[in-house]
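J.: Pasting a structure here, questions to come.
The values are calculated or read from the model by the stated rules, or taken from the named source; none is laboratory data. Note that the structure is a prediction, hence the values are computed from the model and not measured. Because the Cβ atoms are built from the backbone with ideal geometry, glycine has one as well, and the counts that use them run over all protein chains shown.
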Amino acid sequence: MNLFDVYPLYNITPVKAVDCTITDDKGVAYLDLYSGHGVISIGHTHPHYVLKLKNQLDAIGFYSNAIQNPLQVELAEKLGKLSGYEDYSLFLCSSGAEANENALKLASFHTNKSRVIAFNNSFHGRTSAAVAVTDNKKIVAPLNAQQVVTFLPLNQIELVEAELKKGDVCCVIIEGIQGVGGLDEGTTEFFQDLEKVCVQYDVVLILDEVQSGYGRTGKFFAHQHHNIKADIICLAKGMGNGFPIGGILISPKFKASYGLLGTTFGGSHLACAAGIAVLDVIKEEKLMDNVNEVYAYFLEAIQQIPEVKKVKGKGLMLGVEFDFEINDLRKKMIIDKHIFTGNANNKNLLRILPPLTINKKDIDTFIIALRETLKEIQS
Ligand SMILES: Cc1ncc(COP(=O)(O)O)c(C=O)c1O
């Protein structure tokens, strides 16, 4: 049987990874500045994480959501404390799309309405409602397109308010910082106005922090840079450091009832062990402080490169913008310099999403390699 061929692949076969270094089957070491789409938060194969998972697997890996699982309670308590959302509830699932799917469904149940406001260039995943609120027609099948969604530009609150006034909107969904789209984000004024109009018109505000959450921007959630609170916050990626786990944080205003939401795999013993290990390490190793320190260092260094037109994003969720398409640059960085970076819908943007453990020496390595590669492609 062949694999269904939906991913263009680099001809690299990683066999081992430690912290920010990935080694392939030929023994070549790569610096990981992309974390496999922003997933690796506490570094590859962190010893605390590996030990927790191994021990959990020896004890019990899985049982359904029909029994007591104290690990779910421990995860919820630790997550509430570290994120500042202690009075919210946690529903666990297994991916970012599933988190958004459940958030959208909950908003629709709660308001008994169905239209959604989403933003231009958004990405929220590939399941039915999540892909319908994603601004990319190429990945929306006719089945998904049945959902009623209105896409608006970021930072134009009067357009949002005009839609909410119509009375048929269940929720607004917005990324803390856009990831796949290309690192655009709402201003603080926009986020604060958005919170206000959602309260005013009784519309649920969903913050998709699947990529921008878990300390990646230097605060636990990106929206916390704007001093707002959301009704539902969606999580995944960094939450499990590679173990598939996602979740939604749910405001106390939502009433739970048996069967309202559900999943077979969400919140398994093994997933919770991974989630707890990640939170332990973020807290113990003060990774958010590291994010802020390395971000300042990165900004200073990158702004001295004349070809760099703009740096977008915050913390370690960054986009370096050039006035040319970065495809060749990115390829050369991987093949010649052995550094993984990412791309975005914005073809001129090189995405930088390293593990949150990255240090200044790694940034130096990247800056030197970037300067050399820019010189090579210009000559
Ligand atoms: C902001 C955002 N939301 C949702 C998703 C979907 O997550 P997953 O691929 O785990 O379903 C992604 C994935 O890139 C994302 O960046």
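J.: Name the one entry in Asn100, Asn120, Asn112 that is within 12 Å of the ligand (Cβ to nearest atom) and either in the same structural domain as Leu249 (by TED's automatic domain parsing) or at negative phi (or both). Don't jump to the end; show me each part of the working.
T.: On the way: Asn120 fails: within 12 Å of the ligand (Cβ to nearest atom); Asn112 fails: within 12 Å of the ligand (Cβ to nearest atom).
The unique qualifying residue is Asn100.
J.: Further question: Is there a residue in region 238-246 that is of a type outside the set (Asp, Glu), out of contact with any His (no Cβ under 6 Å at 6 or more places or on another chain) and part of a strand (DSSP E or B)? Walk me through it before giving the result.
T.: Initial filter on region 238-246 (of a type outside the set (Asp, Glu)): 238-246.
Next, only the ones that are out of contact with any His (no Cβ under 6 Å at 6 or more places or on another chain) stay: 238-246.
Adding the requirement that they be part of a strand (DSSP E or B) leaves 246.
Yes; the residues of region 238-246 include at least one that is of a type outside the set (Asp, Glu), out of contact with any His (no Cβ under 6 Å at 6 or more places or on another chain) and part of a strand (DSSP E or B).
J.: Of the residues Phe190, Phe220, which single one is among the aromatic types (Phe, Trp, Tyr), part of a loop (DSSP other than H, G, I, E, B), under 21 Å from the mean Cα position of the chain (by Cα) and surrounded by fewer than 23 Cβ atoms within 10 Å (Cβ to Cβ)? I'd like the intermediate steps shown before the answer.
T.: Values: Phe190 fails: part of a loop (DSSP other than H, G, I, E, B).
Step by step, each of Phe190, Phe220 is checked, and only Phe220 is among the aromatic types (Phe, Trp, Tyr), part of a loop (DSSP other than H, G, I, E, B), under 21 Å from the mean Cα position of the chain (by Cα) and surrounded by fewer than 23 Cβ atoms within 10 Å (Cβ to Cβ).
J.: For Leu207, all conditions in the list (1) more than 11 Å from the ligand (Cβ to nearest atom); (2) surrounded by 18 or more Cβ atoms within 10 Å (Cβ to Cβ) hold save one; what is the number of the exception?
T.: (1)
J.: Can we say Ala76 is hydrophobic (A, V, I, L, M, F, W, C) and surrounded by fewer than 21 Cβ atoms within 10 Å (Cβ to Cβ)? Working first, answer last.
T.: On the way: hydrophobic (A, V, I, L, M, F, W, C): yes; surrounded by fewer than 21 Cβ atoms within 10 Å (Cβ to Cβ): no.
Here the answer is no, as Ala76 does not meet what is asked.
J.: A follow-up question, please. Looking at region 271-287, which of its residues are part of a helix (DSSP H, G or I) and surrounded by fewer than 21 Cβ atoms within 10 Å (Cβ to Cβ)?
T.: If the condition is that a residue be part of a helix (DSSP H, G or I) and surrounded by fewer than 21 Cβ atoms within 10 Å (Cβ to Cβ), then Asp280, Lys283, Glu284 are the ones that fit.
J.: Further question: Determine which member of the set Asn241, Asn290 is over 20 Å from Glu77 (Cβ atoms) and touching a residue at least 24 places away in the same chain (Cβ under 8 Å).
T.: Values: Asn241 fails: over 20 Å from Glu77 (Cβ atoms).
Going through Asn241, Asn290 in turn, just one is over 20 Å from Glu77 (Cβ atoms) and touching a residue at least 24 places away in the same chain (Cβ under 8 Å): Asn290.
J.: Would it be correct to say that Tyr34 is within 16 Å of the ligand (Cβ to nearest atom) and assigned by TED's automatic domain parsing to the domain that holds Pro355?
T.: Values: within 16 Å of the ligand (Cβ to nearest atom): yes; assigned by TED's automatic domain parsing to the domain that holds Pro355: yes.
It is true that Tyr34 is within 16 Å of the ligand (Cβ to nearest atom) and assigned by TED's automatic domain parsing to the domain that holds Pro355.
J.: Could you run through region 332-379 and say how many residues are in contact with a Leu (Cβ under 9 Å, 6 or more places away or on another chain), on the phi < 0 side of the Ramachandran plot and in a loop (DSSP other than H, G, I, E, B)?
T.: Going through region 332-379 one residue at a time, the tally reaches 11.
J.: Is there any pair linking a residue in region 208-219 that is within 17 Å of Ala76 (Cα to Cα) to one that is hydroxyl-bearing (Ser, Thr, Tyr) and crowded, with 24+ Cβ neighbours inside 10 Å, with Cβ under 9 Å and at least six apart or on different chains, and which?
T.: Tyr214/Ser41; Gly215/Ser41
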